[in-house]
Amino acid sequence: MVPTPNNLVYERPEGFTDAPTHYCPGCTHGIAHRLVAEVLEEMGVLDKTIGVAPVGCAVFAYNYFDTDFVEAPHGRAPAMATGIKRVLPDRVVFTYQGDGDLASIGMGEIVHAAARGENITVIFINNANFGMTGGQMAPTTLPGMKTTSSPNGRDVETQGYPIRTSELLATLDGAGYVVRRSLHDPKNIRMAKKAIRLAFETQVRGLGFSMVELLSTCPTNWNLTPVESLKFVGDKMAAYFPLGDYKISSGVAQIKV
Amino acid sequence: MTRELWEGNQAIAEAAVRAGLEAYFGYPITPQTEILEYLSRRMPELGRAFVQAESELGAINMVYGAACAGVRVMSTSSSPGVSLMMEGISYIAGTEIPMVLVNVMRGGPGLGNIAPSQGDYNQAVHGGGHGDYPRIVLAPASVQEAVDLTMLSFDLAEKYRMVTMIIADGCIGQMMEPIQFPEMKPVVRKDWDWATNGKMGKRERRLLTSIYLDPYEEEKTNLRLLERWKQIQANEVRYKEYFMEDAEYVVIGFGTAGRVSLSAVRAARQEGIKVGLLRPVTVSPFPSGAIEDLAKRVSGMLVVEMNSGQMLEDVRLAVKGRVPVEFYGRMGGVVPFPDEVLGEIHRMASGKITADINPRDAWYERMVAMK
């Protein structure tokens with residue numbers, strides 16, 4: 001074991017395994033993973049947490065968290081999480097899903113999980129494309145944005161408009177906490193962590209469905225450098241997908257974290 | 001215990017409860033909706049989980065989640081709904097966890113109708129979801145047998161960590177018959193060494209998945225499934241025989257078709273025709289050995305199904321051309337009458353059948369001529 005230096009200020013959270021992640025350089029999945037692991041550790045719930053991995057870039061999320069994990073079919077993570085939570089209501093159950101998984105093929109499952117007020121937490125990574133399959137258009141792809149399946153830029157006349165998932169789910173009475181945050185700079189990362197904490201606190205208090213949407217980068221498929229990607233998130237994505245609190249139920253509003 | 005008059009669907013639901021069902025997830029579809037309705041009342045009153053899902057996709061994946069947690073879990077549906085569940089069934093099979101699914105089959109393809117059918121035999125026994133996976137399939141022919149097989153299905157699913165399906169049809173689901181229920185079993189949450197139910201300070205983390213990115217690892221999984229399947233084939237084949245002691249001819253049919261055939265066999269016996277009935281109870285594993293043995297001692301076989309001859313192919317594989325195999329089927333939700341099957345028994349016993357003609361082709365010609 002490596003001795004701990006006296007000036008240690010940063011280390012791997014207990015919620016992580018030792019596995020190095022497979023994510024591309026500059027991708028913010030690693031930051032999102034770390035925030036979730038830190039929150040679960042700080043809440044002392046790692047031992048009773050069951051994660052549900054998606055199909056997409058985060059399909060291997062289960063290799064990185066030191067908790068029980070299951071791997072869902074594409075888009076079905078909220079249904080699987082429902083099945084687990086309904087038979088193990090004292091456990092902490094979360095899904096970690098991308099925008100293709102959650103907002104395209106899994107839109108039915110996420111809407112109804114929220115409508116039922118399932119006591120689960122959803123970490124929703126919005127990077128405006130299908131990452132794992134090589135950068136195709138997603139429901140979150142911005143108008144005019146070029147992807148491998150919208151090579152001339154997303155034409156809203158034929159390919160429709162992006163879906164603002166947080167705003168949509170916030171209309172449902174079963175949703176206790178629905179917010180959008182971003183991972184493009186330290187300030188926003190700190191705000192994202194606070195939101196993730198509040199989402200899990202919502203769950204352990206039985207206050208209904210909680211979701212944190214995280215605007216994220218995809219430098220590889222966007223054909224941008226990591227730094228350019230962060231700027232794209234802050235300037236372009238946050239303009240279409242405004243950061244903010246879309247649903248904070250009266251019960252959740254009383255939680256202090 | 002006393003005998004009570006129960007509808008098939010409700011009896012299946014209560015049997016599952018008595019087998020220790022801890023969670024049910026379903027979606028309404030005729031002709032199985034009474035299972036969902038019954039459990040929507042029964043499960044909450046026992047403090048057990050019930051969710052009416054947003055779709056069959058939702059239902060099967062809720063089942064997947066609860067199965068990963070290690071509890072007794074079931075869903076039920078009918079043909080079009082089961083088609084929607086095929087993705088989840090394949091994942092559950094690939095994850096090697098137990099699950100019970102009841103398909104109260106109806107006429108198809110497509111939206112079809114809500115009349116009794118056996119058109120999903122191939123989907124249940126041979127196909128359905130993607131990838132290589134075996135599954136156990138049970139076929140009841142009465143409400144009592146539906147109760148008994150529902151109880152059994154959970155034990156088989158858990159013993160072999162395998163998807164276990166019950167294929168009934170609209171007749172079994174909607175018919176009322178006097179039955180005797182087994183005693184209520186307590187809910188026992190077994191401490192499975194695979195369940196993802198939280199570390200709880202007792203163990204290392206667990207992972208349940210159906211992904212094996214390395215093809216050699218996936219092939220190992222395929223082989224592991226086959227190894228369990230071999231055990232199932234050796235130990236779990238079930239079938240019923242009727243009037244077989246001196247039979248020169250045998251009728252083979254499962255579920256409702258087998259039951260209708262039994263009436264025809266009884267009528268033929270009254271006429272002095274030495275005919276018996278073999279009714280597979282497990283259509284997967286299929287009683288191939290029993291049928292192969294029969295092929296050595298009877299003069300002909302008649303397969304009766306409520307489809308276009310799906311089980312027929314499994315019978316022919318077992319018979320290996322040793323004796324003529326005839327076929328009679330009704331499709332699209334049409335249930336054959338015993339008289340129709342009796343007519344086929346007459347034809348078989350007349351001695352004019354041969355093994356040279358494809359039985360499905362011959363049946364098709366007769367069907368077209370009849371119309």
**Complete:** Checked pairs for the stretch A:71-87, first at the interface with chain B (Cβ under 7 Å from one of its Cβ atoms) and assigned to a loop (DSSP other than H, G, I, E, B), second of a type in the set (D, E, K, R) and crowded, with 24+ Cβ neighbours inside 10 Å, C-beta under 6 Å and 6 or more apart or across chains, list as A:Arg76/A:Glu109
**Item:** Test: residue in the stretch A:190-200 that is surrounded by fewer than 23 Cβ atoms within 10 Å (Cβ to Cβ) and outside any helix (DSSP H, G or I)
**Value:** no
**Asked** When you go through B:Pro116, B:Pro109, B:Pro80 one by one, which is the residue that is in contact with a helix residue (DSSP H, G or I) (Cβ under 8 Å, 6 or more places away or on another chain) and either buried (at least 24 other Cβ atoms within 10 Å of the Cβ) or not β-branched (Val, Ile, Thr) (or both)?
**Response** B:Pro116
**Asked** helices (runs of 4 or more DSSP H) wholly in the stretch B:195-300 with at least 1 residues that are within 14 Å of chain A (Cβ to nearest Cβ) and either within 27 Å of B:Ala69 (Cα to Cα) or acidic (Asp, Glu) (or both) - which ones?
**Response** B:215-235
**Prompt:** Which of the residues that make up the stretch A:60-70 are assigned to a strand (DSSP E or B) and either within 26 Å of A:Leu169 (Cα to Cα) or within 7 Å of chain B (Cβ to nearest Cβ) (or both)?
**Reply:** A:Asp68, A:Phe69, A:Val70
**Message:** All but one of (1) outside any helix (DSSP H, G or I); (2) within 14 Å of B:Met165 (Cβ to Cβ) hold for B:Ile60; state the number of the condition that does not hold.
**Reply:** (1)
**Request:** Taking the residues in the stretch A:232-252 that are among the aromatic types (Phe, Trp, Tyr) and under 18 Å from the mean Cα position of the chain (by Cα) as candidates, determine which candidate is surrounded by the most Cβ atoms within 10 Å (Cβ to Cβ).
**Result:** A:Phe241
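Residue-wise test of (1) surrounded by fewer than 21 Cβ atoms within 10 Å (Cβ to Cβ); (2) farther than 16 Å from B:Val104 by Cα; (3) within 13 Å of chain A (Cβ to nearest Cβ).
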| residue | (1), (2), (3) |
| --- | --- |
| B:Tyr27 | no, no, yes |
| B:Glu37 | yes, no, no |
| B:Arg41 | yes, yes, no |
| B:Ala49 | no, yes, yes |
**Prompt:** If you take the residues in the stretch A:32-59 that are facing chain B (nearest Cβ under 9 Å) and assigned to a helix (DSSP H, G or I), which one is nearest to A:Thr82 (Cα to Cα)?
**Reply:** A:Lys48
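Residue-by-condition table, conditions (1) crowded, with 24+ Cβ neighbours inside 10 Å; (2) in a loop (DSSP other than H, G, I, E, B):
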| position | (1), (2) |
| --- | --- |
| A:Glu109 | yes, no |
| A:Ala113 | yes, no |
| A:Val122 | yes, no |
| A:Thr133 | no, yes |
| A:Thr140 | yes, yes |
| A:Pro143 | no, yes |
| A:Arg154 | no, yes |
| A:Pro162 | no, yes |
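We did not get these values from a lab; they are worked out from the coordinates using the rules stated. Note that this is a predicted model, so its numbers are computed, not measured. No Cβ is skipped: glycine too gets one built from the backbone with ideal geometry, and neighbour counts run over all protein chains shown.
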